[in-house]
Amino acid sequence: MPEARSLPLRNIGAAIRGPSIAILLGFLAAAVLVLLIGKDPIEAADALWRGAFGTPNNIAGTLALATPLIFSALAFAVAFRGSMFNAGVEGQLIIGAFLSAFVGFSFDGLPALVHLPLMLAAGALGGALWALLPAIWRVGLGANEIVTTLMMNFIAIALTDYLVLYPFRLPGQSGSAIRTESINPSADLPSLWPPYNVTIALPLAILCVITAWYVLRRFVVGYEVRMVGSAPRFAKAGGIPPGRHMVGVMMVSGALAGLGGAAQVGGVFNAFVSPFATGLGFNGVLVALLVGNAPLGIPFAAVFIGALQSGAIGMELTTSISRYLVAALTATIIIFVSARQFGGRRLPWSTVARGRSPQPRAKATDPADGTGS
Amino acid sequence: MAALGPGLRTASPILLAALGGIFTQRAGVFNIALEGYMLVGAFVSVVVGAATGSVWLGVAAAIVACTVLALLMGFVVLSLRGDAVVVGIAVNLLAAGLTAFLLQEITNGGAFLRTTASLPNLDLPFLAGIPLLGDLFASQGILVWVALALVPVIAWILARTSLGLRMRAVGEHPEAAVAAGVNVLRTQYIAFGLCGALCALAGAQLALGLLSLFSINMTAGRGIIAFAAVIFGAAAPRWVALAAIVFGVADAVANRMQAVGLPVQFVLMVPYVLTIAVLLIAAVPWRRVMRRPAHGTAVASA
């Protein structure tokens, strides 16, 4: 694995080269598309840049969009390093967000110093619990976690939609976006850069990234998790309990996703709104994949994707090129990245094999994949 | 019974996409990009149908476009060894972004494109005459019939043709398939192509058969429900078809409940909850569970 080498600078060079090529190819494809519809790609790129970084307002918008992506990408990456494919980041984020909003508006008169951590903890707890079920199903029964986490997303969406529409409905609202009552000011995440939405969630996200990186790299448990992920047979032979690590890593993953949801509630919406996370979880997956699930790369990739999204709005306003171009661009980049990562040089990731021969039925009856015990 | 007729209608896109998903699942690939293929199929069928005035040209163009898209995804997954789930997420995003982008180019920033053309209905008098079931079969869209007819056809392909045999071998035991001289890559590419073509029909049925329009992200998770049906039915055509129809009926029931103001969320959960439940029930080692108490009493009596 790359991080096992001792030359950090060479690692960074190699880590940057791949995504850069993919990003370049993605932009080329998008430029061709813009040319085909008879518009100027240079002008579009300029508008995109100004939309993302042109004014302090736009820079703040980019950072505000990047913050939840750091959490959701880290959530996916941590699980992935421990051999779990968490396709349910979106649902965990939503459940975490709802629980944090509930704590945010239910408690009155708490000092912010107590209320804020409580709200964030509620978010983390909600996400962790939502991730716990698929983890147990995987470890206990061998039920493929890709499918169960994916399905849990839609259950989370429907469940919170119900909660917002019926038990927690604020009277007198109509329309497509329904919200709960607002959280108390003591649960508001303070802004680092008033009046913008750049809250203390951003440094908190970066702190989580550094912690995850350090634990994976320097702690025994991090080593064990990485071994379960990259060399399950070696890990088993060495007496590392794979099942316990899989459950643990999924709960950490869910907790991070839930923190992302809490950050959205406390920093952006000040309530739970339904629909809540339209694509935050899945975009987080893309952010993590862009940097090969390396925690330290995630903040940069998140700012990149955040900049694309915030720039797209500016581009649509000034050049009348649809903002959806950016979704297609992001998808193209990820397709190039995934082709690079799994082609040519084979990285020892367990999902290389899993992506190619996933047989849920075979898996269910085959205890030899190291998860049955 | 009254909900079954509209239920079959709403189920038909899910059924067609799920039938496509059977091929890739049998060939050993987790394909969550059914959603993206369907969306592209819906878009192309509406745009070409509106431009040429012929729904059949629209359907044909959708089949071509989706087959090409599925084969491209197959290239990334099979030849470039991309992770199928990751590439699937990306293809879904690509389909959503590209169709919305092109739609807004065509309509100058609009959110939907209407078409006057729609797929014709087909009455099968001998079926409509059946007591009780007659209502169910009265005047369904032509692709509904195609979908229902494809269920036994696909079961036959999988069970009785050499292509089906190869496909199952590749999915269940790739090494054995290679040893037996099966061209694994070619078989998997064929599975992707067939999957794309069927998802094109699914998209066309949704856009031209049911709604006569294309709107941004109009599939709204139907492809994921189709994927759930494939998992639910363990890629066996009749069970997948049953699951797809049940999920479609749930959708129709939800629509009716919404109209009268009842909470629909728990009905909307049904496909996902059922799929997880079936996955878990299938994963329990029943034989061991059943044997254990018998063993225990034997020890106790001895």
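The values are calculated or read from the model by the stated rules, or taken from the named source; none is laboratory data. Given the structure is predicted, the values throughout are model-derived calculations rather than measurements. Positions of Cβ are generated from backbone atoms using ideal geometry, with glycine treated the same way; all protein chains shown enter the neighbour counts.
Quick one: would you say A:PRO111 is under 29 Å from A:ILE59 (Cα atoms) and surrounded by fewer than 18 Cβ atoms within 10 Å (Cβ to Cβ)? Spelling it out, it is not the case that A:PRO111 is under 29 Å from A:ILE59 (Cα atoms) and surrounded by fewer than 18 Cβ atoms within 10 Å (Cβ to Cβ).
Residues to consider are A:ALA79, A:ALA135, A:ALA60, A:ALA75; find the one that is among the hydrophobic types (A, V, I, L, M, F, W, C), part of a helix (DSSP H, G or I), touching a helix residue (DSSP H, G or I) at 6+ places or on another chain (Cβ under 7 Å) and closer than 25 Å to A:ARG179 by Cβ. Walk me through how you get there before you give the answer.
Values: A:ALA79 fails: closer than 25 Å to A:ARG179 by Cβ; A:ALA135 fails: closer than 25 Å to A:ARG179 by Cβ; A:ALA60 fails: touching a helix residue (DSSP H, G or I) at 6+ places or on another chain (Cβ under 7 Å).
Step by step, each of A:ALA79, A:ALA135, A:ALA60, A:ALA75 is checked, and only A:ALA75 is among the hydrophobic types (A, V, I, L, M, F, W, C), part of a helix (DSSP H, G or I), touching a helix residue (DSSP H, G or I) at 6+ places or on another chain (Cβ under 7 Å) and closer than 25 Å to A:ARG179 by Cβ.
Taken as a whole, the structure places B:PHE227 among residues that are touching a residue at least 12 places away in the same chain (Cβ under 8 Å) and either acidic (Asp, Glu) or out of contact with any Pro (no Cβ under 8 Å at 6 or more places or on another chain) (or both). Please go through region B:14-44 and give me each residue that is closer than 15 Å to B:ASN92 by Cα and in a loop (DSSP other than H, G, I, E, B), ordered by number. Once the filter is applied, which keeps residues that are closer than 15 Å to B:ASN92 by Cα and in a loop (DSSP other than H, G, I, E, B), region B:14-44 yields B:PHE30, B:ASN31, B:ILE32, B:ALA33.
Just checking, how many residues over region A:138-149 are assigned to a helix (DSSP H, G or I) and either within 7 Å of chain B (Cβ to nearest Cβ) or among the hydroxyl-bearing types (Ser, Thr, Tyr) (or both)?
Going residue by residue through region A:138-149, those that are assigned to a helix (DSSP H, G or I) are A:138-141, A:145-149.
Subsequent filtering for residues that are either within 7 Å of chain B (Cβ to nearest Cβ) or among the hydroxyl-bearing types (Ser, Thr, Tyr) (or both) retains A:141, A:146-149.
Of the residues in region A:138-149, 5 are assigned to a helix (DSSP H, G or I) and either within 7 Å of chain B (Cβ to nearest Cβ) or among the hydroxyl-bearing types (Ser, Thr, Tyr) (or both).
Scanning region A:154-199 for residues that are surrounded by 14 or more Cβ atoms within 10 Å (Cβ to Cβ), assigned to a loop (DSSP other than H, G, I, E, B) and within 14 Å of another protein chain (Cβ to nearest Cβ) yields a count of 2.
Against the conditions (1) aromatic (Phe, Trp, Tyr); (2) more than 21 Å from the chain's Cα centre (by Cα); (3) modelled with pLDDT of 70 or more, B:PHE126 satisfies every one except (3).
So, in region B:213-245, how many residues would count as being more than 14 Å from every other protein chain (Cβ to nearest Cβ) and surrounded by fewer than 18 Cβ atoms within 10 Å (Cβ to Cβ)? First the steps, then the outcome.
Within region B:213-245, the first condition is being more than 14 Å from every other protein chain (Cβ to nearest Cβ), and the residues that meet it are B:213, B:237-238, B:241-242, B:244-245.
Still in the running and surrounded by fewer than 18 Cβ atoms within 10 Å (Cβ to Cβ): B:213, B:238, B:242.
Residues flagged as more than 14 Å from every other protein chain (Cβ to nearest Cβ) and surrounded by fewer than 18 Cβ atoms within 10 Å (Cβ to Cβ) within region B:213-245 amount to 3.
I'd like to check something: does region B:273-281 contain any residue that is crowded, with 20+ Cβ neighbours inside 10 Å, free of Cβ contacts under 8 Å to residues at least 12 places away in the same chain and not in a helix (DSSP H, G or I)? No: zero hits. Of all the residues in region A:225-261, those that are touching a Gly at 6+ places or on another chain (Cβ under 6 Å) and surrounded by fewer than 20 Cβ atoms within 10 Å (Cβ to Cβ) number 2.
Within region A:317-349, the residues that satisfy the criterion of being at pLDDT below 90, more than 7 Å from chain B (Cβ to nearest Cβ) and in a helix (DSSP H, G or I) are A:LEU317, A:THR318, A:THR319, A:PHE336, A:VAL337, A:ARG340, A:GLN341. Look at (1) in contact with a helix residue (DSSP H, G or I) (Cβ under 6 Å, 6 or more places away or on another chain); (2) closer than 23 Å to A:GLU145 by Cβ; (3) modelled with pLDDT under 90 and you find that A:GLY267 fails only one, number (2).
Do you know which residues across region B:74-94 are of a type in the set (Gly, Ala, Ser), farther than 18 Å from B:GLY221 by Cα and within 7 Å of another protein chain (Cβ to nearest Cβ)? I'd like the intermediate steps shown before the answer.
Looking only at region B:74-94, we keep the residues that are of a type in the set (Gly, Ala, Ser), and these are B:74, B:79, B:82, B:84, B:88, B:90.
The next check asks that each one be farther than 18 Å from B:GLY221 by Cα; those that pass are B:74, B:79, B:82, B:84.
Matches in region B:74-94: B:GLY82, B:ALA84.
The single condition among (1) within 14 Å of another protein chain (Cβ to nearest Cβ); (2) in contact with a Phe, Trp or Tyr (Cβ under 8 Å, 6 or more places away or on another chain); (3) within 23 Å of A:PHE168 (Cα to Cα) that A:GLY96 does not satisfy is (1).
Condition first: part of a helix (DSSP H, G or I) and touching a residue at least 24 places away in the same chain (Cβ under 8 Å). Now tell me which residues in region B:45-63 satisfy that. Before you say what the answer is, go through the steps one by one.
Step one: list which residues in region B:45-63 are part of a helix (DSSP H, G or I), which gives B:45-52, B:55-63.
Scanning region B:45-63 gives B:SER45, B:VAL46, B:VAL47, B:GLY49, B:ALA50, B:VAL55, B:GLY58, B:VAL59, B:ALA62, B:ILE63.
Yes/no per residue for (1) modelled with pLDDT under 85; (2) surrounded by fewer than 24 Cβ atoms within 10 Å (Cβ to Cβ); (3) of a type outside the set (Lys, Arg):
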residue	(1), (2), (3)
A:ALA263	no, no, yes
A:VAL273	no, yes, yes
A:THR278	yes, yes, yes
A:LEU289	no, no, yes
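Can you pull out the helices (runs of 4 or more DSSP H) entirely within region A:205-307 that have at least 2 residues that are closer than 28 Å to A:LEU192 by Cβ and out of contact with any strand residue (DSSP E or B) (no Cβ under 6 Å at 6 or more places or on another chain)? Walk me through it before giving the result.
Details: elements: A:220-230, A:232-237, A:242-264, A:280-290.
So the answer is A:242-264, A:280-290.
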